[in-house]
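Novice: One structure coming up, written as structure tokens, with questions to follow.
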Amino acid sequence: MLEILPESDESTLIVKASSVLTSDDYEKIFIPELNHRISQSGRIKVVMIFSEDFTGWEPGAAWDDLVFGIQHRNDFEKIAIVGKQKWLEWATKIGAYFMPNQVEIFKPDELQQAISWVKQ
């Protein structure tokens with residue numbers, strides 16, 4: 001499940017992922033919102049919050065994420081990953097090699113710091 005948080009603005013998308021992300025989450029929510037902000041602002045900033053109950057992506061959602069990320073890798077200015085799952089750190093480090101932008105990891109109690117860092 002994917003929820004767009006009200007702290008989002010024209011150039012910054014703040015989303016919370018919980019449970020399992022599906023293709024519908026990407027095709028009906030995430031990708032349209034990213035495309036809208038890219039068309040409005042050019043390069044965008046994203047805060048991705050992974051709740052404690054987040055367990056991963058359905059295969060179709062993982063594919064959507066990969067394809068969109070590759071096609072738009074130059075459209076992201078900053079990405080903040082917020083969560084406490086151990087695998088987030090190594091997954092973020094691996095993903096950062098493929099994205100020519102700033103990527104940082106924050107703990108759940110550092111959410112406001114993550115938002116401030118992205119909006120700088």
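The values are calculated or read from the model by the stated rules, or taken from the named source; none is laboratory data. Quick caveat, the model's predicted, so the values are computed rather than measured. We place every Cβ from the backbone using ideal geometry, glycine too, and count neighbours over all the protein chains shown.
Novice: Could you check how many residues of the range 37-53 are outside any helix (DSSP H, G or I) and surrounded by fewer than 19 Cβ atoms within 10 Å (Cβ to Cβ)? Before you say what the answer is, go through the steps one by one.
Specialist: To start, the set of residues in the range 37-53 that are outside any helix (DSSP H, G or I) comprises 42-53.
Okay, now just the ones that are also surrounded by fewer than 19 Cβ atoms within 10 Å (Cβ to Cβ), so 42-43, 51-53.
Count: 5.
Novice: OK, next. Starting from the range 95-109, keep only residues that are within 11 Å of Phe76 (Cβ to Cβ), then list their pairs with residues that are at pLDDT 65 or above and in a loop (DSSP other than H, G, I, E, B) whose Cβ atoms are within a distance under 9 Å, requiring at least 6 positions of separation or different chains.
Specialist: Asn101/Arg43
Novice: Right, here's the next one. Quick one: count up the residues across the range 54-76 that are farther than 18 Å from Leu111 by Cα and not in a helix (DSSP H, G or I).
Specialist: The qualifying residues number 6.
Novice: Restricting to the range 102-120, count the residues that are exposed (fewer than 14 other Cβ atoms within 10 Å of the Cβ) and closer than 13 Å to Val46 by Cα.
Specialist: 2
Novice: Is it fair to say Ala91 is surrounded by fewer than 16 Cβ atoms within 10 Å (Cβ to Cβ), modelled with pLDDT under 90 and either among the hydrophobic types (A, V, I, L, M, F, W, C) or under 12 Å from the mean Cα position of the chain (by Cα) (or both)?
Specialist: yes
Novice: Of the residues Glu27, Glu77, Glu58, which single one is over 20 Å from Met1 (Cβ atoms) and either touching a Leu at 6+ places or on another chain (Cβ under 6 Å) or surrounded by 13 or more Cβ atoms within 10 Å (Cβ to Cβ) (or both)?
Specialist: Checking each option against the conditions leaves just Glu77.
Novice: Of all the residues that make up the range 1-24, how many are of a type in the set (Val, Ile, Thr) and surrounded by 16 or more Cβ atoms within 10 Å (Cβ to Cβ)?
Specialist: 4
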